[in-house]
Amino acid sequence: MAKILVTGGTGFIGSHTVVELHNAGYGVVIVDDFSNSNPKILTQLEKITGKKPEFYELDLCDEAKVNDFVKKHTDISGVIHFAAFKAVGESVQQPLKYYRNNFYSLINLITAFNQKVNLVFSSSCTVYGQPDVLPVTEDAPVKKAESPYGNTKQIAEEILQETCAVTPSLKVTSLRYFNPVGAHHTALIGELPIGVPQNLVPFITQSAIGKRGPITVYGDDYSTPDGSAIRDYIHVVDLAKAHVAAIQRLESEKASSNYEVFNLGTGKGSSVLEIIHAFEKSTGEKLNYTIGARREGDIEQVWGNVEKSARDLGWKAELDIDEMMRSAWNWEKYLKDNPF
Ligand SMILES: NC(=O)c1ccc[n+]([C@@H]2O[C@H](COP(=O)([O-])OP(=O)(O)OC[C@H]3O[C@@H](n4cnc5c(N)ncnc54)[C@H](O)[C@@H]3O)[C@@H](O)[C@H]2O)c1
């Protein structure tokens, strides 16, 4: 059976996507270098799917090894490329680390496949910056990136678009994620932030379990109904399912061109304060939070127009904020009892 290569498949979104590919009947090969993940995720994946994952430890920046890997795995019919560094703050401190990893890995992969492959690329709604019109559509202008990390996503999209324009054998779908949160309903896999989480939901769960102090709400003076910043939170399992839909669209040659872009969100925005209250309501845990100053680089509000994904991918997010909060909390409790 043809297989899907999942790079970064032991990471947060990659691991959930491995499960959904398995559920949809795909064979899967994972590569990861564990630079931001834990080998124990492989055991967890086996517990969920009942199948030992096919896994290769590999740094995708190593061109010779990537070539060798692809040469040996002629049964790969598509690639979902998650592997990248993603910490915005660190990217400001160490831009070259981010440009090197996020570009070399992408270019090495495409080159190893001789520019002849179906590829799904992890992009981000950060490419929109603060959009002029909400909900933001895929054809909204790309704004100047706020960080080297954001810039790697913008430039990677350009690399892919320009290469596709002259290479019909390369078929690419860029998926612009909004804010992935939550965890698998089994609580066996979820997000594993290294250090102090920069994102709201992992900070909330770590604060609730006592690993961190009070939550800081960065700004309550934005032009939003309750003054706190608004994002489009999407359950990671819904996000994972969208990757299966993207692979199926590429395989069935339904794409309108060999380079397509889709927003992956719920189409609804939630404020920081709404998320805090939703967590309290759905878990029964009381949170301790204070209002702080706005955080540099944060935008006021963004949520996605997801009509194109619904129409062309036949995909829609189904899980609500309560489920996002409950699953994230169950994962945090699992980690407390079963430290990685
Ligand atoms: N999580 C988010 O909020 C978010 C939002 C938008 C886009 N994205 C993008 O989605 C993708 C997946 O994100 P995630 O949250 O699952 O991140 P993650 O860090 O949990 O997963 C990425 C995985 O890639 C691996 N990796 C990194 N560099 C590698 C290399 N050179 N060779 C092999 N493996 C390598 C890491 O070890 C990790 O397991 C990334 O490209 C990220 O930029 C994430």
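Coordinate-derived values only; no laboratory data. In this text the structure is predicted, and so the values were computed from the model without any measurement. Please note: Cβ atoms are built from the backbone with ideal geometry, for glycine as well, and neighbour counts cover all protein chains shown.
Among all residues of the range 139-159, there is at least one that is under 20 Å from GLN301 (Cβ atoms), of a type outside the set (S, T, N, Q) and crowded, with 20+ Cβ neighbours inside 10 Å. Scanning the range 82-140 for residues that are in contact with a strand residue (DSSP E or B) (Cβ under 8 Å, 6 or more places away or on another chain), closer than 30 Å to GLY269 by Cβ and near the ligand (Cβ under 9 Å from one of its atoms) yields PHE82, ALA83, ALA84, PHE121, SER122, SER123, SER124, CYS125.
When the range 1-20 is limited to residues that are surrounded by fewer than 24 Cβ atoms within 10 Å (Cβ to Cβ) and more than 8 Å from the ligand (Cβ to nearest atom), the one that is farthest from ASN101 (Cα to Cα) turns out to be MET1. Is one or more of the residues making up the range 268-277 surrounded by 23 or more Cβ atoms within 10 Å (Cβ to Cβ) and not β-branched (Val, Ile, Thr)? Within the range 268-277, not a single residue is surrounded by 23 or more Cβ atoms within 10 Å (Cβ to Cβ) and not β-branched (Val, Ile, Thr).
Taking (1) surrounded by fewer than 17 Cβ atoms within 10 Å (Cβ to Cβ); (2) more than 18 Å from the chain's Cα centre (by Cα); (3) farther than 21 Å from GLY219 by Cβ in turn, ASP320 satisfies each apart from (2).
Based on what the data block shows, is LYS40 out of contact with any strand residue (DSSP E or B) (no Cβ under 8 Å at 6 or more places or on another chain) and of a type in the set (D, E, K, R)? Yes, satisfied. Of all the listed residues (THR224, THR173, THR167), the sole one being buried (at least 19 other Cβ atoms within 10 Å of the Cβ) and in contact (Cβ under 8 Å) with a residue 40 or more places away in the chain is THR173. For the range 182-203, a residue qualifies if it is near the ligand (Cβ under 8 Å from one of its atoms) and either closer than 19 Å to TYR289 by Cα or touching an Asp or Glu at 6+ places or on another chain (Cβ under 8 Å) (or both), and exactly one does: ASN199.
Output yes when any residue across the range 29-45 is more than 15 Å from the ligand (Cβ to nearest atom), buried (at least 16 other Cβ atoms within 10 Å of the Cβ) and either in contact (Cβ under 8 Å) with a residue 60 or more places away in the chain or within 20 Å of the chain's Cα centre (by Cα) (or both), and no when none is. The answer is no, given that none of the residues of the range 29-45 is more than 15 Å from the ligand (Cβ to nearest atom), buried (at least 16 other Cβ atoms within 10 Å of the Cβ) and either in contact (Cβ under 8 Å) with a residue 60 or more places away in the chain or within 20 Å of the chain's Cα centre (by Cα) (or both).
Quick one: is SER147 of a type in the set (S, T, N, Q) and either within 12 Å of the ligand (Cβ to nearest atom) or more than 24 Å from PHE262 (Cα to Cα) (or both)? Yes; evaluated as a whole, the condition is true for this residue. When LYS65, LYS72 are checked against the criterion of being within 11 Å of the ligand (Cβ to nearest atom), more than 19 Å from VAL172 (Cα to Cα) and free of Cβ contacts under 8 Å to residues at least 12 places away in the same chain, a single residue qualifies: LYS65.
If you go through the range 283-340, how many residues are part of a helix (DSSP H, G or I) and under 28 Å from SER37 (Cα atoms)? Within the range 283-340, residues that are part of a helix (DSSP H, G or I) and under 28 Å from SER37 (Cα atoms) number 18.
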